[in-house]
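The next block holds one structure in the form of structure tokens; read it before the comments.
The values are calculated or read from the model by the stated rules, or taken from the named source; none is laboratory data. Computed from a predicted structure; not experimentally measured. Methodologically, a virtual Cβ is constructed for each residue, glycine included, from the backbone with ideal geometry; neighbour enumeration extends over all protein chains shown. Accessible surface is based on the protein model in full, side chains and every heavy atom, while ligands, DNA and RNA are left aside. Shrake-Rupley method; radii C 1.70, N 1.55, O 1.52, S 1.80 Å.
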There are 2 protein chains.
Amino acid sequence: MAVYTEVFPEELAEFLVGYDLGELVACKGIAEGVENSNFVVETTRGQFILTLYEKRTAREDLPYFLNLMEHLAKHGVRCPVPVRDREGRTLRELSGRPAALVSFLAGYSFRRPKVEHCGQLGRALAGMHLASATFPMSRTNALSFDGWVSLYAEIMKSYGERVDELAPGLSVEIERELEFLKSAWPSGLPTSVIHADLFPDNVFFLDGKLSGLIDFYFACNDAQAYDLAICLNAWCFEPDHAFNVTKGRALLREYRAARPLEAREVELLPLLARGAALRFLLTRLYDWYNTDSNALVKPKNPLEYRRKLKFHQTARSASDYGL
Amino acid sequence: MAVYTEVFPEELAEFLVGYDLGELVACKGIAEGVENSNFVVETTRGQFILTLYEKRTAREDLPYFLNLMEHLAKHGVRCPVPVRDREGRTLRELSGRPAALVSFLAGYSFRRPKVEHCGQLGRALAGMHLASATFPMSRTNALSFDGWVSLYAEIMKSYGERVDELAPGLSVEIERELEFLKSAWPSGLPTSVIHADLFPDNVFFLDGKLSGLIDFYFACNDAQAYDLAICLNAWCFEPDHAFNVTKGRALLREYRAARPLEAREVELLPLLARGAALRFLLTRLYDWYNTDSNALVKPKNPLEYRRKLKFHQTARSASDYGL
């Protein structure tokens, strides 16, 4: 949630001349998107979101993300649609950064989603997975098992002593989990494009109905059930850290109604949820020590995901998630 | 420029029930306003700015600021207008903070205003001074001479050694200036409500025409020519730190066309500009050491105002500013 790069409105007005979007009316830097700088841009033709891509988003990945949003929108997924300039380009440059304009999505995210929101999320997630089947591009998940190993090594190298200060024994717990997942982490599950970061703040609702998915900048090709496991982690725990099985059931039921799960996906759900929890534990740990002091919001507490991980470690089967 | 307090959209939706503004459509935290948390709120009836007042804005001052904006808007000044709820209140509470909704002002600020913008600013500033003549409330300028003395004492107490690290000799320069202004700082000049922080980012333009003034949270009752001196500092220096006398001339000419300056105001302009430069040197120095790490934008360099102060110290008369 940040504005890392400033935009001179007079330069933005000039930039807009390249589009068929009328004149600049207003521009405000917004607290949306952790990795990049985002602005609400109002022109005489409507509202748009301008994103300036910061260093953490690799420039070579941008066509994948932008084409994906365009593809998904064409195939019925409600998401921001990249705007093409007069020469047909979606990727431009502004303030020395790669930049893109996308459509503005009405709606707002719930900080505390309810059961019915979890159900709608499940339906939308399956819809996104299905719609991406014909998307021709591919991107490796940089934050799958190998990525966790490297990230953990980097954390220990730079901040090793501070990890156990955060919670005694944390480093040993992470090492044991990595050791366990090393042999257990599955392959061969049904894959497609996955969102990989579909937290409540990336899902908008309007009048109680899901109005769209945003922030596709972690999207990649990976196991669909892993995306589902990320959502179970992100949507179905209560503030007191208890897993809400009613929410899990709603999420899984609606997902399966649109895309049935294979037996192996069901069986591996607790394991996938462990991997997902470890992934966010590690990235939050990294961000805990690395957050740019210009960022808008405090880094999220990594320990939330340590608790979730413990829940998944004791789960026996998918029925513990409501299936 | 910040969002210090988060708003749960579901709580905002509930909050809006108290207004005749329809349903919540979207809400985004924005990078506007240094002291408080600001959000663009879109409802089915239009766009608004929601402000949550943080600790640096004294709660007892809020009626002054909100009533002032309402008064100015009624008297032809383009500025945000506080929205009254169903019970007629402009000041409410949200997320544990005093909160107000104001109208959304179309337009955007220039980072590098041109001569014609300075002229329009002068006209608008005089308009604001004149319109405030019938405003019944009053607020002391907490950042006038006595405030500078206390602020400097606080800076030296907490960060004394670091001041001269920023620029060798800086503390002595500030002390000499305070000593000089102690006897020279004028009283008895024409007063009214002044904006006191009318930097380019607080002035919006649309289609090249000034569309409004924002951020009245430093407004107070003080010398009108001092407000003009603040604008000379904020608008008429070039990035290479040179004073642009053409911009100064445009600003002063248009101001005087709407409100003629008294002889004493003209004579004291260089002195008022010194005081204004010192005020921003001191507050930037304070912010340099005190910026909340959650803030969106890096603190501004205090030394910009040290250079401006040096310019004013050598100015001989108002003609050095284009008069």
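Using the structure shown, decide if B:Ala276 is modelled with pLDDT of 95 or more and touching a Leu at 6+ places or on another chain (Cβ under 9 Å).
On the way: modelled with pLDDT of 95 or more: yes; touching a Leu at 6+ places or on another chain (Cβ under 9 Å): yes.
Taking the combined requirement at face value, the residue satisfies it.
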> Of the residues in the stretch B:2-22, how many are at the interface with chain A (Cβ under 7 Å from one of its Cβ atoms) and at pLDDT 95 or above?
Replying inline: 0
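Applying the selection to the stretch A:12-37, what residues are in a strand (DSSP E or B), β-branched (Val, Ile, Thr) and under 25 Å from the mean Cα position of the chain (by Cα)?
Narrowing the stretch A:12-37 to residues in a strand (DSSP E or B): A:24-30, A:37.
Filter once more, keeping what is β-branched (Val, Ile, Thr): A:25, A:30.
Of everything in the stretch A:12-37, just one residue is in a strand (DSSP E or B), β-branched (Val, Ile, Thr) and under 25 Å from the mean Cα position of the chain (by Cα), namely A:Ile30.
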> Counting only residues that are within 14 Å of chain A (Cβ to nearest Cβ) and surrounded by fewer than 18 Cβ atoms within 10 Å (Cβ to Cβ), which one in the stretch B:91-103 is farthest from the chain's Cα centre (by Cα)?
Replying inline: B:Ser95
> If you check A:Gly212, A:Gly188, which single one turns out to be surrounded by 14 or more Cβ atoms within 10 Å (Cβ to Cβ) and of a type outside the set (A, V, I, L, M, F, W, C)?
Replying inline: A:Gly212
> How many residues does the stretch A:217-236 hold that are open to solvent by 10 Å² or more (accessible area, probe 1.4 Å), farther than 14 Å from A:Glu262 by Cβ and not acidic (Asp, Glu)?
Replying inline: 4
> Within the stretch B:265-287, can one find any residue that is within 14 Å of chain A (Cβ to nearest Cβ), over 17 Å from B:Trp148 (Cβ atoms) and buried (at least 16 other Cβ atoms within 10 Å of the Cβ)?
Replying inline: no
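Please count how many residues of the stretch A:60-75 are in contact with a Leu (Cβ under 9 Å, 6 or more places away or on another chain) and without any contact (Cβ under 8 Å) to a residue 60 or more places away in the chain. Break it down stepwise before answering.
In the first step, residues of the stretch A:60-75 are kept if they are in contact with a Leu (Cβ under 9 Å, 6 or more places away or on another chain); the result is A:62-63, A:66, A:72, A:75.
Among the residues that remain, those that are also without any contact (Cβ under 8 Å) to a residue 60 or more places away in the chain are: A:62, A:66, A:75.
Here the count works out to 3.
Do we have B:Cys118 as assigned to a loop (DSSP other than H, G, I, E, B), within 15 Å of B:Pro200 (Cα to Cα) and away from chain A (no Cβ under 14 Å) here? Spell out how you get there, then give the answer.
Working: assigned to a loop (DSSP other than H, G, I, E, B): no; within 15 Å of B:Pro200 (Cα to Cα): yes; away from chain A (no Cβ under 14 Å): yes.
Judged against the criteria, B:Cys118 is not a match.
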> Failed condition for B:Gly88, given (1) open to solvent by 10 Å² or more (accessible area, probe 1.4 Å); (2) over 25 Å from B:Pro299 (Cα atoms); (3) touching a residue at least 12 places away in the same chain (Cβ under 8 Å), with all others met?
Replying inline: (3)
> Any idea which residue in the stretch B:39-73 is farthest from the chain's Cα centre (by Cα), counting only those that are closer than 12 Å to B:Val102 by Cα and small (Gly, Ala, Ser)?
Replying inline: B:Gly46
> Assuming A:Cys79 fulfils every condition listed in (1) more than 9 Å from chain B (Cβ to nearest Cβ); (2) modelled with pLDDT under 95; (3) touching a Leu at 6+ places or on another chain (Cβ under 6 Å) apart from one, which condition is it?
Replying inline: (2)
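So which of B:Val83, B:Val3, B:Val41 is within 30 Å of A:Asp207 (Cα to Cα), touching a Cys at 6+ places or on another chain (Cβ under 9 Å) and either in contact (Cβ under 8 Å) with a residue 24 or more places away in the chain or open to solvent by less than 10 Å² (accessible area, probe 1.4 Å) (or both)? Explain how you work it out, then say what you get.
Working: B:Val83 fails: touching a Cys at 6+ places or on another chain (Cβ under 9 Å); B:Val3 fails: touching a Cys at 6+ places or on another chain (Cβ under 9 Å).
The match here is B:Val41.
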> Here is a list of conditions, (1) open to solvent by 40 Å² or more (accessible area, probe 1.4 Å); (2) more than 22 Å from B:Phe110 (Cβ to Cβ); (3) in contact (Cβ under 8 Å) with a residue 60 or more places away in the chain; (4) within 14 Å of chain A (Cβ to nearest Cβ), and B:Pro239 meets all of them except one; can you say which number that is?
Replying inline: (2)
>> So B:Ala73 passes all but one of these: (1) within 20 Å of B:Ala219 (Cβ to Cβ); (2) modelled with pLDDT of 95 or more; (3) in contact with a Ser or Thr (Cβ under 6 Å, 6 or more places away or on another chain); (4) among the small types (Gly, Ala, Ser). Which condition number does it fail?
In response: (3)
>> Can you tell me which condition A:Asn301 does not meet? The list is (1) surrounded by fewer than 16 Cβ atoms within 10 Å (Cβ to Cβ); (2) in contact (Cβ under 8 Å) with a residue 24 or more places away in the chain, and all the others hold.
In response: (2)
> Just wondering, is there one or more residues in the stretch A:132-144 that are assigned to a helix (DSSP H, G or I), out of contact with any Gly (no Cβ under 6 Å at 6 or more places or on another chain) and surrounded by fewer than 17 Cβ atoms within 10 Å (Cβ to Cβ)?
Replying inline: yes
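State whether one or more residues within the stretch A:138-146 are free of Cβ contacts under 8 Å to residues at least 24 places away in the same chain, away from chain B (no Cβ under 14 Å) and out of contact with any Asp or Glu (no Cβ under 8 Å at 6 or more places or on another chain). Please lay out each step first, then the result.
Filtering the stretch A:138-146 for residues free of Cβ contacts under 8 Å to residues at least 24 places away in the same chain gives A:146.
Now drop any that are not away from chain B (no Cβ under 14 Å), which leaves A:146.
Keeping just the survivors that are out of contact with any Asp or Glu (no Cβ under 8 Å at 6 or more places or on another chain) gives A:146.
Yes: the stretch A:138-146 contains one or more residues that are free of Cβ contacts under 8 Å to residues at least 24 places away in the same chain, away from chain B (no Cβ under 14 Å) and out of contact with any Asp or Glu (no Cβ under 8 Å at 6 or more places or on another chain).
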>> Could you go through the stretch B:159-172 and let me know if any residue there is among the acidic types (Asp, Glu) and either within 14 Å of another protein chain (Cβ to nearest Cβ) or touching a residue at least 12 places away in the same chain (Cβ under 8 Å) (or both).
In response: no
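Within the stretch B:192-204, restricting attention to residues that are part of a strand (DSSP E or B) and under 28 Å from A:Leu24 (Cβ atoms), which residue is farthest from the chain's Cα centre (by Cα)? Can you show your working first?
The initial filter retains those residues of the stretch B:192-204 that are part of a strand (DSSP E or B), namely B:192-194, B:203-204.
Narrowing the set further to residues that are under 28 Å from A:Leu24 (Cβ atoms) leaves B:203-204.
Numbers: B:Val203: 10, B:Phe204: 13 Å.
Looking at the filtered set, the residue picked out is B:Phe204.
From the list B:Gly212, B:Gly208, exactly one residue is within 14 Å of another protein chain (Cβ to nearest Cβ) and out of contact with any Gly (no Cβ under 8 Å at 6 or more places or on another chain). Which is it?
Values: B:Gly212 fails: out of contact with any Gly (no Cβ under 8 Å at 6 or more places or on another chain).
That would be B:Gly208, the only listed residue that is within 14 Å of another protein chain (Cβ to nearest Cβ) and out of contact with any Gly (no Cβ under 8 Å at 6 or more places or on another chain).
Tell me the residue from A:Thr51, A:Thr57 that is more than 12 Å from chain B (Cβ to nearest Cβ) and touching a helix residue (DSSP H, G or I) at 6+ places or on another chain (Cβ under 9 Å), please. Break it down into steps so the answer makes sense when it comes.
Working: A:Thr51 fails: touching a helix residue (DSSP H, G or I) at 6+ places or on another chain (Cβ under 9 Å).
None of the other options fit; the residue is A:Thr57.
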> From the list B:Thr246, B:Thr283, which one is of a type outside the set (Gly, Ala, Ser) and farther than 30 Å from B:Tyr159 by Cβ?
Replying inline: B:Thr246
> Got a number for residues in the stretch B:245-276 being without any contact (Cβ under 8 Å) to a residue 60 or more places away in the chain and within 15 Å of B:Ala315 (Cβ to Cβ)?
Replying inline: 6
